[in-house]
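*Asks:* One structure coming up, written as structure tokens, with questions to follow.
Just so it is clear, none of the values below were taken in a lab; they were calculated from the coordinates. A quick note: this is a predicted structure, and the numbers were derived from the prediction, not measured. Neighbour counts run over all protein chains shown; Cβ positions are idealised from the backbone, glycine included.
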Amino acid sequence: MTDQDEHTEQPDSDLDVRRLMELAGRRLEPPAEVEQRVRDAVLRTWEEQPGKRRVMLPRIWYAMAATITLAMTLGYFAGNTSRSELPAGEVIASHGGYSVRGSDGVERSRIMPGSMVQTSAGGSLFIALQHDPTLRVDQETSLTVRQASEIWLHRGRIYLDNDNDAPVRVMTRNATVTDIGTQFEISADGHRLSVAVREGQVDIELDGEILTSTAAAGIGETVEIEGLRLISREPVATMDSRWGWVQAAHPPFKLKQKSVAEYARWAARESGRTLIFDSEAVRQQAGLHRFSGEGEVNSGIESVARTLRTTRFA
């Protein structure tokens with residue numbers, strides 16, 4: 001699959017235009033002192049020129065001011081752009097085809113601010129965002145990573161895992177979803193939006209109102225939205241089969257020099273389970289025993305049991 005084979009989606013409703021305007025934000029403007037420095041520089045240049053008639057000052061002033069203003073403004077914007085050109089994220093694992101637009105001259109695995117990411121049929125991505133949140137992208141999904149903390153989901157399905165204090169906002173044509181230390185899934189299909197919370201809490205801004213959805217004690221919640229209208233809210237188990245694609249999109253866990261406790265915590269979080277040790281002594285032993293070798297395993301409960309039975313420890 002190539003970028004030429006892809007097509008960029010265009011907004012087709014007032015909802016899209018409004019959301020895109022919110023996403024774009026205010027344009028960056030040069031500071032007021034830039035204009036004053038331009039005026040002073042041009043005036044000094046004019047006064048230093050011998051034999052010039054002052055009656056020509058206005059025309060020359062505007063020509064020189066335009067040239068110098070352009071140069072200084074470009075320099076100003078270049079300086080600010082260079083400071084913001086850190087990657088918003090990086091593709092850690094992929095299955096099937098995908099494309100990243102807006103990262104010209106940069107490795108395809110690095111996602112620069114403003115890049116559009118698209119997956120093909122059968123494709124999936126695991127993306128590490130700045131400041132540690134992770135993003136999983138299902139097949140036939142299109143999104144724009146405006147920055148690490150702001151994502152525009154055009155269509156398809158994503159899963160965000162963020163246990164940091166800094167929230168991540170996901171914008172869609174229907175609503176804006178903001179996480180509060182959580183794991184959740186968003187699926188956008190035309191005017192239909194589905195939000196499923198697996199852990200923690202999310203705030204859904206829908207037509208000027210805030211809906212709060214939470215998960216606790218192994219039970220999450222799905223919120224269904226049509227256009228700008230709430231359709232339903234239903235409970236969903238954190239170990240429900242609907243989360244299967246999420247586990248498949250995660251790269252395998254590398255066992256080398258990791259403790260049993262680290263592996264067990266990872267497997268529990270990935271599979272929607274709660275990790276409980278039989279005793280404090282067992283918890284301490286799990287933290288002391290470390291895997292040897294270069295093995296990689298997934299998070300399925302059968303894999304966990306098999307790994308603990310057959311693996312040597314350092």
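*Asks:* Zone of residue 90 (label point 7 Å along Cα→Cβ, backbone N under 12 Å): which residues in segment 132-162?
*Replies:* 132
*Asks:* May I ask you to order 91-98, 148-155, 259-266 by the average number of other C-beta atoms within 10 Å around their residues, highest value first?
*Replies:* Working: 91-98: 16.1, 148-155: 20.2, 259-266: 18.0.
Highest to lowest by the protection proxy: 148-155, 259-266, 91-98.
*Asks:* When 1/r is averaged over all different Cα pairs and the result inverted, which Kirkwood radius in Å belongs to segment 122-214? Provide the component values of the computation, followed by the final result.
*Replies:* Working: mean 1/r = 0.0769 Å⁻¹.
Taking the inverse mean of 1/r over all distinct Cα pairs, segment 122-214 comes out at 13.0 Å.
*Asks:* Amide H neighbours of residue 114 under 5 Å, at least 5 residues apart or on other chains, H built in the peptide plane: list them.
*Replies:* 145, 146, 147
*Asks:* Ok, one more. From the P(r) of segment 195-246, can you give the percent of Cα pairs sitting at distances over 11 Å? Write out the running numbers ahead of the final one.
*Replies:* Values: 915 of 1326 pairs.
Here the tail beyond 11 Å accounts for 69 percent of pairs.
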